[in-house]
Structure formats: C-alpha cells, structure tokens
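Single-structure report; data block below.
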Amino acid sequence: MERKRIAVLIDFENIHDFSVPKVENLDIKFYLFTGAKQKNISIELLQSILEYNKLEIIPVTSIGENALDFSLSVEMGVLHKTEEPNVEFYVLSKDRGFDFAVNYLKKKYGRKVRRVEGFQFLSPKTETTTKTTPPKVEKEKQADRSKMLNQFYQKYANFLNSTAQPISKREEGAKNQIRSFFRVENLQENEINYLYNRLQKNGFLG
C-alpha cells in the first residue's frame, strides 16, 4: 500500500515550541524555516522530526519585516512545481498572512494545502459508528406519534367548535394559529401540515 505523502513547511519564528507525533504509514518531509535571529533548535524537537528521517532546515538570513514569510511562500511555490500532485502541503504557523498564498495555490492550481497551528492533522482519525434504530422500534415510534397526532387533531377540533374565534382562511395564517396552540408540544413542520390538511378536509377552513 502506497504511503500518503506530506510536506510540512514550518514557520519557526512563529511556532517554535512543539513536537511531532509519530504516525505510521506516512511519508513526511519537513521544511524548517528559521529566522535570522534564531540560533538554537531543541534536541527534543529535532528528535521528534527525525523520526520521519526527512528534514531540511532553511535558514532565512535576511533581516526585515516578513522576510521569513516571503521565503516560505516562495519555497512553497517551488515545491508545488517540483512535487507530484498527490503530495499534500501543510504550513505550520499561527500567522494568517499565509492564508492568501495557501488559498491561491489551492484554488488556482488545485493543490491540497492548508495552514495549521498544530499537528492534529497527523492524528489518526477515529471512526465513529452511527447508531441505527431497529425497524421494529422505529415502527412502534411512528405508530405512537400517529396516535398522538390524532389526539392533537381532536383537541384542536374541539377547541374550534367551542370558541367563537375562527381559524384563518389563509394557509400560513392557519398554520401559525396551529403552531401557537401547540407551542408546548413543539410540532414538526410535517405535523403542522398534517393537522392543517385534516382540518381543511373536514370543513374547518370554510
């Protein structure tokens, strides 16, 4: 089975306190961009990255505002041209200024790329199971609800027969009156429609 390939470009000026989780079956290369004033990299960090055996440290020696950001963005463009289309790019940074370059590469060239602030994307996804209601139980629930709707209809029909307040002849007005009457029961829209149609069929709407 071919391993998933990932390139991680790290803005070490912005995020420099992290460790990389070990995940099997991934082919990852790290590009660590360091600023002109950064001289030290922790042994623990290097060890966690070197678990994957692919690391390139790219020192940005220019001193100036956003020098590292521009260098990383340019390098990402170069990688896009040289890497195969199935390689996913991740920019590790809290700097939202990278979002323009990320979105441009994604929308114009279709590269799978995103900015992240941690390594959660490397964590294996846990499968969630959807609980399904057994058919017999579902059928019983529907029968109970149908019985309850009949009771609601009788209750509202009795109310209309005993009051001088007429129900609106406009469909939306009549449905609003039904909603108001059963506001505690919190009826669903299809149940409102059922009561309205039954009232109309039995001559309550004129």
Check your understanding: What pairs come up if the first residue lies in the stretch 106-133 and is modelled with pLDDT of 90 or more, the second is in a helix (DSSP H, G or I) and β-branched (Val, Ile, Thr), and their beta carbons are under 8 Å apart, counting only those six or more places apart or on different chains?
Key -> 113/102; 114/102; 115/102
Check your understanding: Regarding residue 91, is this residue of a type in the set (A, V, I, L, M, F, W, C), under 20 Å from residue 114 (Cβ atoms) and exposed (fewer than 14 other Cβ atoms within 10 Å of the Cβ)?
Key -> no
Check your understanding: Could you list, in sequence order, the residues of the stretch 181-191 that are within 16 Å of residue 154 (Cα to Cα) and surrounded by fewer than 17 Cβ atoms within 10 Å (Cβ to Cβ)?
Key -> 182, 185
**Study point:** Selection count where residues are surrounded by 17 or more Cβ atoms within 10 Å (Cβ to Cβ) and assigned to a helix (DSSP H, G or I), scope the stretch 1-47
**Key:** 1
Practice item. Check the stretch 65-77 and report whether any residue there is modelled with pLDDT under 95, surrounded by 14 or more Cβ atoms within 10 Å (Cβ to Cβ), part of a loop (DSSP other than H, G, I, E, B) and touching a strand residue (DSSP E or B) at 6+ places or on another chain (Cβ under 6 Å). Key: no
Check your understanding: Taking only pairs six or more apart or across chains, which ones have beta-carbon atoms under 7 Å, a first residue in the stretch 56-84 that is free of Cβ contacts under 8 Å to residues at least 60 places away in the same chain and within 16 Å of residue 6 (Cβ to Cβ), and a second residue that is part of a helix (DSSP H, G or I) and of a type in the set (Ser, Thr, Tyr)?
Key -> 80/109
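The values are calculated or read from the model by the stated rules, or taken from the named source; none is laboratory data. Fair warning: this is a prediction, and the values are worked out from it, not measured in the lab. Every residue, glycine as well, gets a Cβ built from its backbone with ideal geometry; the counts of neighbours run over all protein chains shown.
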